[in-house]
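Shown next, in structure tokens, is the structure this report addresses.
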Amino acid sequence: MTSLFEEYKNRIGYYIFKKKIFKEFNSSYSFNDFIENSSSYVIIMPLNDIDFANSFDIAKYFKIHKKEVTLFLPEHRVNSENIISNYKYLSYDLTDITKFGLPSKLFIKNLNENNFDVLIDLERDNNLFLTSIASLINAKYKVGFKKPDIENLYNFQLVSTKINSEISYRNLLNSLKMF
């Protein structure tokens, strides 16, 4: 159970996010063949260990199809041989997160140096830091799971199956394959 203080900090963080960070996504890009015509992908990997394992097929799929895949993940996950040898990555640690759960100014500055064709946010749960990252990353197309209280963050969103992440990620990948 979160304390009243933590909940208050979280509310302040969301307020700051909505006022200063959130970029409503108003894209007029066509979705016809957007997966086929896109070459650079950034994938925000989920924090939960089970979700992380279940979602990795999405990164593999784009890698197999000769796409440039960059994983956004915590520093402690980078040490995996599979990640180091097969993927580019953007990592973060606790020093990159403010006391309100938002990205630090320096981290935002470094993040803004990157541009991608497609952002895929695989975090199914509410996480203010990762939601802020999804809003801040420069990408033509943004794909992710519907989050409460945040509309128009993605131009392609799905509803997550809360009980089974494997099904959610399979549904997401099958939906993307249509494009």
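Observations, loosely collected:
- Residue in the range 99-111 that is over 12 Å from residue 45 (Cα atoms), aliphatic (A, V, I, L, M), open to solvent by 20 Å² or more (accessible area, probe 1.4 Å) and modelled with pLDDT of 90 or more present: yes
- Residue satisfying all of: in the range 34-50; β-branched (Val, Ile, Thr) and part of a helix (DSSP H, G or I); most open to solvent (accessible area, probe 1.4 Å) among these: 50
- If the condition is being of a type in the set (S, T, N, Q), within 19 Å of residue 134 (Cβ to Cβ) and in a helix (DSSP H, G or I), then the range 55-95 contributes only 55.
- Among the residues of the range 51-98, the ones that are touching a Pro at 6+ places or on another chain (Cβ under 7 Å) and either within 16 Å of residue 121 (Cα to Cα) or open to solvent by 90 Å² or more (accessible area, probe 1.4 Å) (or both) come to 4 in all.
- The lone criterion from (1) under 25 Å from residue 68 (Cα atoms); (2) under 13 Å from the mean Cα position of the chain (by Cα) left unmet by residue 168 is number (2).
The values are calculated or read from the model by the stated rules, or taken from the named source; none is laboratory data. Just so we're clear, the structure is a prediction, and the values are computed from it rather than from any experiment. Cβ coordinates were reconstructed from backbone atoms using ideal geometry, including for glycine residues, and neighbour counts include every protein chain displayed. What goes into the accessible areas is simple: the full protein's heavy atoms, side chains included, and nothing from ligands, DNA or RNA. Shrake-Rupley method; radii C 1.70, N 1.55, O 1.52, S 1.80 Å.
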